[in-house]
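Everything below concerns the one structure shown next.
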Amino acid sequence: MKNFLKNNSGLVFISLIFWTSFLLILPLRDISLADDFAYIQTVQKLVQTGTLKVSEWAGASILFQIFWGSLFSKIFGFSIKTLIFSNVVLFYFATLAFYKTLKTVKIKELNSIIFTLFLLSFPWVFGFAYSFMSDVFYMSLSLIAVYFYSKAFTQKTYLYYILGSLFAGLAFINRQIGISIVIGLLFLFIYKLISEKKINLKEILCAFGPALIFIAGYYLWISRVGMPFAQYAFFTLPLKEETFKYVFPSTIKYISVTNKYHTEYLIQRGVGYFSVIAVPLIPLLLVFKFNLKRIIKIIMGNLKLVVVVSLIFALFLKVDFDLKQRFINLPNMILGRDKLLFVWNVWWKKIFYFFTPVWIVIFAIMVKKVIHTFFEKRKPLRKIYSRILLLILLISFGFLFYKFERVLFPYEFYFVPKPTYPIIGVGMAIKKAFSFPTIVETFRETWLVLLIIVSITFMLYKLIVDIRIKFPRKINLPIFFVILLFIFHYVITVFFAYGFWDEYAISFVPFVLIGLSYFFKDVKMSVARVVIFTTLSLLLIVGATRNRVQLEGTKWETANKLIENGVDPIRISDPTWSWQPYWFFENSFAQEVKNSGGDKYKLGRDKLGIYRTNIPPGDYYNLEEVPVGSGKLSNPNIVYSSEPFWIFNRSQGLFEYLQIVAVKTTHE
């Protein structure tokens, strides 16, 4: 036992922190956080009837967590809190896998523990672990897959390849973004093939086989039972009708700065997800011992990069404020009513705006190191005027293609609504393009597009003139794999996921942390600051999560007590957003399908939001928080009171004791 503790002290310490935080959350409550109401109902039907019928609300594939939740329900009995516990258990194994992955890539013991604790205390990760949402389920499976693949890369063991592929397949049948793991693995094996100049078929079969079986099996199953409506309406249909049109435009006008998709992809999603990750990781920067001379040396050594990154960030702020989007924020579970210690005000915003460029510079330097690993300088063109001429030609081509795209695609003529012959289009385009008002208008409305064109053509120029690809024989394969996974998760989330939802960043948070751990592996940490900031981070997120679970969970349970006494759910104030769809969506949607002739795919996207809103006249029950011992408990209209429970105090003191009461009113 002593030897086990000595050899696995990091695992023991992480386990102690993990389960201590779990005890601070207890008791778990029957509560739906958001879309997980649909997954909860799917498990309930499977357990009670033995039939698998995925809810029409489910956009994710969710098959793994349905069977995982059903397994726990068979053991402990079905309840929402049982399903939440199943998520926590899987997250525990993923936390250990994350720690072991860091050890596999030769990160020091202390650093491995610290980065694991930062994963545990990351707001979105910890908060969603105490729900039945699919985000942390997917992240857990992908982390376990990465651990086994990392072991396979370092130990050349086929069994680890099979296990990695197995969990990659399970990750895919929980969220379709799991295809990123297979794509990343494919690129890694292409690199291995080119650098090693040999093919190991057995290795390839073990690495890809199980995952591909799961992927093929999922699509075969979908083809037989039909795709849930949410997958079709919010992913498949937009992919066909919107995303491909704007990601792979037939004409340049589809990426105009005035276009909402261009704004969403480049501003809201592209930079927004970065901000979701950057803000909670601010304490991580503060635990390192940075030498001022070393910082100045790094900045001077990357001066061009620092200047470019600063200009890009300034550009983003300009666009962000012009559009009044305000995508820079702390996660809502800290910002909202469950905030603990932090207050979102002017001083905190200033701190964010200071640290975000720092993170961007760090990220840019990491990218630069990766580029230097796989690219090298080639002999440039001898004469400087040749280089200048090439650059001018590339930029001119980009501008002319943008300006005269109506000539190349006359049936997409932007200024003239009717189709025109190319020769007429040329004359009109030249006349309009070189009038001064049009030039000013073009620049004002499309300056960002022109900037992008110039930037892309400059990068192409550098690629053509200055650098060439190389395939180093010795690189850290696990880290290279993690970099690929981050790239593909990020790209797919930005361009192919539906909408911007902060929790989507959960899928690539671990890859960011693994990359940072490797990047900072030789930088010393301050033990005192580590203790302060990791403790503070854990305190914040454990407190915020406990408050949410206890407050909203007790409201759910109080509402369920009223329903047991014959109260219609529509007559109860919503404990959370998902209350009404939990009770009314399935029946309402089935009726809409029936009214449309039985073909659900003919329904509009708005039909997914159907639930009852018409509250008939009569009694209505408000769920309210009341401090224990308060005079409010004497209200004669209170028909039910919950058992007292404690939360972390949101204003002063340490604890706050509350009850949830149902107050009877009249609705007219």
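Here are a few things to note about the model shown:
- Matching residues, segment 641-655, being at pLDDT 85 or above and open to solvent by 30 Å² or more (accessible area, probe 1.4 Å): S641, E643, P644, W646
- Of all the criteria given as (1) in contact (Cβ under 8 Å) with a residue 60 or more places away in the chain; (2) among the hydrophobic types (A, V, I, L, M, F, W, C); (3) under 22 Å from A58 (Cα atoms); (4) surrounded by fewer than 17 Cβ atoms within 10 Å (Cβ to Cβ), the one not satisfied by L539 is (3).
- Meets criteria (over 14 Å from A38 (Cα atoms), in a helix (DSSP H, G or I) and either open to solvent by 30 Å² or more (accessible area, probe 1.4 Å) or among the hydrophobic types (A, V, I, L, M, F, W, C) (or both)) for W556: yes
- Flag not set for L16, criterion: in contact (Cβ under 8 Å) with a residue 40 or more places away in the chain, surrounded by fewer than 22 Cβ atoms within 10 Å (Cβ to Cβ) and more than 23 Å from T576 (Cβ to Cβ).
- Flag for Y621 being modelled with pLDDT under 85, under 26 Å from V549 (Cα atoms) and crowded, with 16+ Cβ neighbours inside 10 Å: no
- Here is the figure for segment 58-83: residues that are among the hydrophobic types (A, V, I, L, M, F, W, C) and either outside any helix (DSSP H, G or I) or under 23 Å from the mean Cα position of the chain (by Cα) (or both) total 9.
- S55 vs. criteria open to solvent by less than 10 Å² (accessible area, probe 1.4 Å), in a loop (DSSP other than H, G, I, E, B) and over 24 Å from G553 (Cβ atoms): no
- In segment 159-175, residue most open to solvent (accessible area, probe 1.4 Å) [restricted to those that are more than 14 Å from L185 (Cβ to Cβ) and in a helix (DSSP H, G or I)]: L159
- Residues of segment 508-532 that are in a helix (DSSP H, G or I) and open to solvent by 10 Å² or more (accessible area, probe 1.4 Å): V512, G515, Y518, F519, V527, A528, R529, V530, V531, I532.
- Evaluation of F500 against (1) open to solvent by 10 Å² or more (accessible area, probe 1.4 Å); (2) in contact (Cβ under 8 Å) with a residue 12 or more places away in the chain; (3) under 27 Å from K289 (Cα atoms) (one fails), failing number: (3)
- Evaluating V628 against the criteria (1) at pLDDT below 80; (2) more than 30 Å from P228 (Cβ to Cβ) leaves one unmet condition, (1).
- Among the criteria (1) within 30 Å of I173 (Cβ to Cβ); (2) outside any helix (DSSP H, G or I); (3) more than 27 Å from the chain's Cα centre (by Cα), the one P27 does not fulfil is (1).
- Members of segment 276-298 found to be within 16 Å of F519 (Cα to Cα) and modelled with pLDDT under 75, listed by number: F290, R294, I295, I298
- Some residue of segment 584-603 being buried (at least 18 other Cβ atoms within 10 Å of the Cβ), within 30 Å of R29 (Cα to Cα) and without any contact (Cβ under 8 Å) to a residue 60 or more places away in the chain: no
- Yes/no for K106 being outside any loop (DSSP other than H, G, I, E, B) and either open to solvent by 10 Å² or more (accessible area, probe 1.4 Å) or hydroxyl-bearing (S, T, Y) (or both): no
- Contact map, segment 509-529: residues that are within 17 Å of K369 (Cβ to Cβ) paired with residues that are in a helix (DSSP H, G or I) and of a type in the set (D, E), Cβ distance under 7 Å, separation 6+ or inter-chain. No pairs are found.
- Verdict on L220 being in a helix (DSSP H, G or I), more than 23 Å from T101 (Cα to Cα) and either touching a Leu at 6+ places or on another chain (Cβ under 6 Å) or modelled with pLDDT under 95 (or both): yes
- Residue match in segment 473-481 (condition: modelled with pLDDT under 80 and open to solvent by 60 Å² or more (accessible area, probe 1.4 Å)): yes
- Taking every residue in segment 115-135 that is in a helix (DSSP H, G or I) and pairing it with any residue that is among the basic types (K, R) and surrounded by fewer than 24 Cβ atoms within 10 Å (Cβ to Cβ), at least 6 positions away or on another chain, the pairs with Cβ-Cβ distances below 9 Å are G127/R548.
- In the set (1) part of a helix (DSSP H, G or I); (2) touching a Gly at 6+ places or on another chain (Cβ under 6 Å); (3) open to solvent by 10 Å² or more (accessible area, probe 1.4 Å), V43 fails one condition alone, (3).
- Answer residue from segment 8-56, given it is out of contact with any Phe, Trp or Tyr (no Cβ under 6 Å at 6 or more places or on another chain), charged (D, E, K, R) and within 29 Å of E643 (Cα to Cα) and is modelled with the lowest pLDDT among those: D35
- Breaking point among (1) under 23 Å from F235 (Cβ atoms); (2) in contact with a strand residue (DSSP E or B) (Cβ under 9 Å, 6 or more places away or on another chain), for P27: (1)
The values are calculated or read from the model by the stated rules, or taken from the named source; none is laboratory data. What you see is a predicted model, and the numbers here were worked out from it, not measured in a lab. Here the Cβ is made from the backbone with ideal geometry for all residues, glycine too, and neighbour counts use every protein chain on show. Ligands, DNA and RNA are excluded from the accessible area calculation, which covers all protein heavy atoms including side chains. Shrake-Rupley method; radii C 1.70, N 1.55, O 1.52, S 1.80 Å.
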